[in-house]
Amino acid sequence: MDSPAVPKDHRSGFVGLIGRPNVGKSTLLNAFLKQNVVAVSFRPQTTRRRQLGILTLPNAQVIFVDTPGFHQPHHQLGERMNTYAQAVLDDVDIVLAIFDISQPPQPEDYLVIEKIRELGPSKTLFIALNKVDLLFDDQRTHRQEHFQSLMPNAEGIVISAAGGENRDQLLKDLIEKLPLGPRYYPEEDITDFNERQIAEDLIRAAAMQSLREEVPYVIDVRVDEYLERGQHGAYISATIFVERQSQKGILIGKGGKMMRKIGTHARREIENMSGRRVYLDLKVKVLKGWRNDSAALARFGYPNITTQQST
Ligand SMILES: Nc1nc2c(ncn2[C@@H]2O[C@H](COP(=O)(O)OP(=O)(O)O)[C@@H](O)[C@H]2O)c(=O)[nH]1
Ligand SMILES: [Mg+2]
């Protein structure tokens, strides 16, 4: 591959986004890329795998690494998700730890703070206090000081991933701390996931947002077919897996109402992501206890990895 000419002062490297579930890691990544390449939802644990988001600028290439949120796992899937986030800590040039400043520190934030303490001195660390748009001005200083007191060795920047406050400033700061280096990926690459994988996550996120109680967390999605149909767009058929027969009933809903709702929402998201029309065909299958089944986890794309520091 020809490496394109880049200026002498070109900077590049990996920025790992870490934090507890639901603080806005994936939202921030999509905002930096100005494109929805990772799934976002108001449910925790929407992100289950590590995914790259590649931002190519004239003077820099920033490779963001989105991760599942650190949490207390209740099954093998959760344990694996934590190890994916842990592995990213070891591999990146910069760790960007994200917290939700609209709420006081939560128990899972302390897991993240512990991870930060364990980082070696050679690792560059940034702290972003996100969702400042949800705070009243008079709460801001107090809350910022609270978070800051828990991490006295790193300065935090208050941002709104969704609203934009300080987002450009954060990007600028990150780029300044990246090492000088080449453009690692061609400029047309924006993620290491293909459309099929992104579609799986978008369908799962759509389902997670419509379902309640434990059901959002027992599903996973496999795309069975992704066919190009020229000017007619794409035909996608996918299976949503659940753990029990009763959950299958909930997913289908009365007269298929829930499936239609999820299908419409997911189709819209996939159309936005891919920029073309999509015909989406969904079915549901039961795969008993898949979140604790090693073979099923591997098939769904959650391999068992070991890290230097096991969680
Ligand atoms: N108000 C507000 N909501 C946000 C912001 N950033 C993320 N969110 C919301 O927080 C929820 C979780 O976001 P997500 O990016 O999936 O979090 P992740 O689990 O850390 O990747 C979603 O409903 C987002 O729309 C923000 O800056 N302001
Ligand atoms: Mg996420």
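Hey, with R₀ at 22 Å, roughly what FRET efficiency would ALA5 and GLN35 work out to, going by the Cβ-Cβ distance, to 0.05? The value I calculate is 0.30.
Here the accessible area is traced with a 1.4 Å probe on the protein chains. For the chain, carbon and sulfur cover 47 percent of it. Principal axis analysis of the Cα atoms in segment 93-132 yields extents of 31, 19, 9 Å, listed in decreasing size. Taking the empirical scaling 2.2 N^0.38 Å for compact globular proteins as reference, segment 192-232 has a Cα radius of gyration ratio of 1.40.
Computed per residue of the chain from DSSP H runs no shorter than four, each worth -39500 (n - 2.57), the mean residue ellipticity at 222 nm is -11000 deg cm²/dmol. For the chain, the spherically averaged projection of the C-alpha convex hull amounts to 17.5 nm².
Given the pairs LYS34/LYS285; LYS34/LYS283; LYS34/LYS257; LYS34/LYS172; LYS131/LYS248; LYS25/LYS172, which are separated by over 25 angstrom at their Cα positions? Where the Cα-Cα span goes over 25 Å, the pairs concerned are LYS34/LYS285; LYS34/LYS283; LYS34/LYS257; LYS131/LYS248.
Its Cα gyration tensor gives segment 195-299 an equivalent ellipsoid. The semi-axes, each the square root of 5 times an eigenvalue, are 23, 16, 11 Å from largest down. Principal semi-axes of the equivalent ellipsoid, √(5λ) from the alpha carbon gyration tensor of segment 42-140, are 22, 20, 15 Å from largest down. Sorting 42-51, 70-79 by their mean Cβ neighbour count within 10 Å, with the most densely packed peptide first, gives 42-51, 70-79. Here each label is just a point 7 Å from Cα along the line to Cβ, and for LEU134 and LEU227 those points are 4.3 nm apart.
Dipole magnitude of the chain about its Cα centre, charges +1 at Lys/Arg Cβ and -1 at Asp/Glu Cβ only, in debye to the nearest 20?
In total the dipole reaches around 1300 debye.
At q = 0.19 Å⁻¹ the log10 of I(q)/I(0) for segment 11-177 amounts to -1.30, computed by Debye summation with a single uniform scatterer per C-alpha, solvent ignored.
Assuming R0 = 22 Å, can you tell me the calculated FRET efficiency for the pair SER237 and ALA295, based on Cβ-Cβ distance, to the nearest 0.05? The formula returns an efficiency of 0.45 here. Modelled spin labels at ASP90 and ARG212, positioned 7 Å past Cα toward Cβ, are 4.3 nm from each other. Relative to the longest principal axis of the Cα atoms of the chain, the long axis of helix 137-150 makes an angle of roughly 80 degrees. In this structure the chain gives 49 Å² per residue of accessible area when probed at 1.4 Å with all protein chains present.
The values are calculated or read from the model by the stated rules, or taken from the named source; none is laboratory data. Just so it is clear, the model here is predicted, and its values are computed rather than measured. No Cβ is skipped: glycine too gets one built from the backbone with ideal geometry, and neighbour counts run over all protein chains shown. These area figures cover heavy atoms from the full protein model, side chains too; ligands, DNA and RNA do not enter into them. Shrake-Rupley method; radii C 1.70, N 1.55, O 1.52, S 1.80 Å.
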